[in-house]
């Protein structure tokens, strides 16, 4: 009941609700692809996991190597990064304001670590304002550009709408730029498309497995 009040009463809660709705729609789309277009499902899953664990450049490389429609690839990757921002940004704000919504230790650890990271970048980005935030979001690293960029935007004092608008617009621009650059290496990527997709997917699974093992060992010691 307390959690439902947070979703309704706070702007951060409404942003989170939007992110969760998009996430649900995204899962439905993946299930639809699995049932009706299984030949594309592996590529879509590889792009999703690779984007989350390794960043947009790696995810886009898989899409280009699979010779996906460029407009679809842009929208698909933009959706992934938008969902991450719309879910993690409000959780960060609530955590910063000591509003407990989700009690999940790995998430709390991530948010606590992100506080230190965002605080470290805050002076540099604050110096250049919106332009500094745009440049930060344009970086291609996993879980840093748009996600941590939105955290920094909040710490600088930008309103939610400004932060999300700048972050999501910059994310879309970054995706367009990276697709353009990666297209120059399309012949090479297509030649290694199967190995690239399977390799990144396998690496993502290993990282997740290592996380589970590390978590289990920490509980037993």
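Quick note: the coordinates plus some simple rules give every number you see, no bench work behind them. Given the structure is predicted, the values throughout are model-derived calculations rather than measurements. When we count neighbours, we look across all protein chains shown, and the Cβ atoms used for this are built from the backbone with ideal geometry, even at glycine.
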Inset, instruction - Can you tell me the FRET efficiency between residue 105 and residue 17 if r is taken as the Cβ-Cβ distance and R0 is 25 Å, rounded to the nearest 0.05? - result: 0.60
Legend entry - Two-site FRET efficiency, residue 131 against residue 40, from Cβ-Cβ distance with R₀ of 35 Å, rounded to 0.05: 0.35
Inset, instruction - Could you pull the Cα extents of the stretch 13-68 along its three principal axes, largest to smallest, in whole Å? - result: 38, 28, 15
Inset, instruction - Could you tell me what % of all Cα pairs in the stretch 25-139 have separations over 25 Å? - result: 38 percent
Legend entry - residue 181 paired with residue 139, simple spin-label distance in nm, labels 7 Å along Cα-to-beta-carbon: 1.4 nm
